[in-house]
Amino acid sequence: MSNCDRSYYANALTDQKTVVVDPTGVVVVHSDRMQLGKNISELKDFGGLRSVIVDTRAGESSYAHLFQSGSSNREEWLVVYSGFKPSQSPQQDDAWTVLATIPLQKAMAPLNIVRKVLYVLNAFLIAALVVLAIISARKIE
């Protein structure tokens, strides 16, 4: 892995947040210590997370594309989530929720690099086709 790759992933990880919510909705792990012990419904961005919590309670794991509320630029976030039930749990609805969030722009940055490379390759291919067409046209005359 190059130094450029390492620095990109180090920067992406500083923006990444992990949240763990217990079955009662209490936040037990959060990067912002002020959020620990609060009910997830008290978090400022809970509106978008409501469906995520419902999905994890149903045992689903997936991802969601959410917008940060209250932000003037409406920052987009990618949220990957999973629910798990401890094997020792006597109750059916004792699902814990694990959320990992990262700004969508950071998550998609490697794909943007690939897109730029593909644009350059397409430009070269078009130029090569034009040159071949000119050469073929001269041979026909």
Which residue is modelled with the lowest pLDDT, if the candidates are limited to the stretch 13-49 and must be under 15 Å from Gly83 (Cα atoms) and in a helix (DSSP H, G or I)?
Leu49
Take Phe84 and tell me if it is surrounded by 13 or more Cβ atoms within 10 Å (Cβ to Cβ) and either at pLDDT below 75 or at positive phi (or both).
no
Pull out all pairs, ordered by first then second residue, where Cβ-Cβ is under 9 Å, the residues are six or more apart or on different chains, the first lies in the stretch 103-115 and is more than 15 Å from Tyr63 (Cα to Cα), and the second is assigned to a helix (DSSP H, G or I) and modelled with pLDDT of 85 or more.
Gln105/Asn112
Looking at Pro110, Pro103, can you tell me which residue is in contact with an Asp or Glu (Cβ under 6 Å, 6 or more places away or on another chain) and modelled with pLDDT of 75 or more?
Pro103
Quick one: would you say Arg115 is at pLDDT below 85 and of a type in the set (Lys, Arg)?
no
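The values are calculated or read from the model by the stated rules, or taken from the named source; none is laboratory data. Computed from a predicted model, the values in this text were never measured in an experiment. In this analysis, Cβ positions are derived from the backbone assuming ideal geometry, glycine residues included, and neighbour counts consider all displayed protein chains.
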